[in-house]
Amino acid sequence: MQSVMYKGVRLADKLLQTCTDIVFLLVLLIGLYFLADTAYVLGHSRATVAMPFRPEDGDIAVLKELSEDAVGWITIDDTGIDYPVMQGVDNYEYLNKDPYGDYSLSGSIYLDSRNAPDFSDPYSILYGHHMSGGYMFGALDDFDEEAYFRAHLTGTLTCERGVLPVHCLAFLYTEAANELVFDPAQDAEELADWIKENAIFYNEDAEGGAIVALSTCRSPTSTRRMILFVTLDAPEPADG
């Protein structure tokens, strides 16, 4: 009788150990999956992903080799913002799609579908995910310090109209429901006045010219939006 009970205990112990090993293995596999997925997402959010298609000297022909949906390249000097700009049929297409057209949680930097693709509108809106590590428009976090904002006021936007000098105008927060900010058809003068009144940091030297908003969410669960407003100059004259 004792022998039978002993064998039963041993069997139960083996079953428990086997179950424990299986659970440990599953947890390990799930952990490895999430690590790989995080690495994949962050990898797709780096500017280097599309860098071979970065247009030089205002020629966007190479950018069109990346995708016909690529309408420009935005750079803020000496920051992590150095990305192609996509434009989809609506404002959801590139929310979770990379510049190559593949699914990606990090998505792309994209122009509002209601805007002119050559950035000729008085007001244009760019959207990008708030990625950790300063990737995508997560780089806007740094502009929440005035010293950083003042030290990073220039950049370029290359599009069909050429190389457009970029000047950082203002940094602020607002709600996603702000119709004045998130409707490209709004009156540009009214918007400019609102920006000046609500800016945390403001650069008067950048006043004038078309306005472009670089917008991202403050956090994944927040309706708060972090925005860097910039202005565009006329295209730089060609050499010669």
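Read-outs throughout are calculated quantities, based only on the coordinates presented, and are distinct from any laboratory measurement. Computed from a prediction, not measured in an experiment: that's the story for all the values here. Backbone-built Cβ (ideal geometry, glycine too); neighbour counts: all protein chains shown.
Key figures
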{"item": "Spin-label pair residue 92/residue 120, simplified geometry with 7 Å Cα→Cβ offset, distance in nm", "result": "3.0 nm"}
{"item": "Cβ-derived FRET efficiency at R0 41 Å, residue 105 paired with residue 154, nearest 0.05", "result": "0.85"}
{"item": "Ordering of 199-205, 109-115 by burial proxy (mean other Cβ atoms within 10 Å per residue, highest first)", "result": "109-115, 199-205"}
{"item": "Rounded to the nearest 20 debye, dipole of region 119-180 from Cβ charges on Lys, Arg, Asp, Glu", "result": "280 debye"}
{"item": "Per-residue ³J(HN,Hα) for region 132-143, Karplus 6.51 cos²θ - 1.76 cosθ + 1.60, θ = phi - 60°, Hz, x for Gly and Pro", "result": "5, x, x, 7, 6, 8, x, 5, 5, 3, 5, 6"}
{"item": "Chain lengthening between residue 78 and residue 145 when straightened (0.36 nm per residue, less Cα-Cα)", "result": "22.6 nm"}
{"item": "Among 210-223, 158-171, 176-189, the order from most to least packed when residues are scored by Cβ within 10 Å on average", "result": "158-171, 210-223, 176-189"}
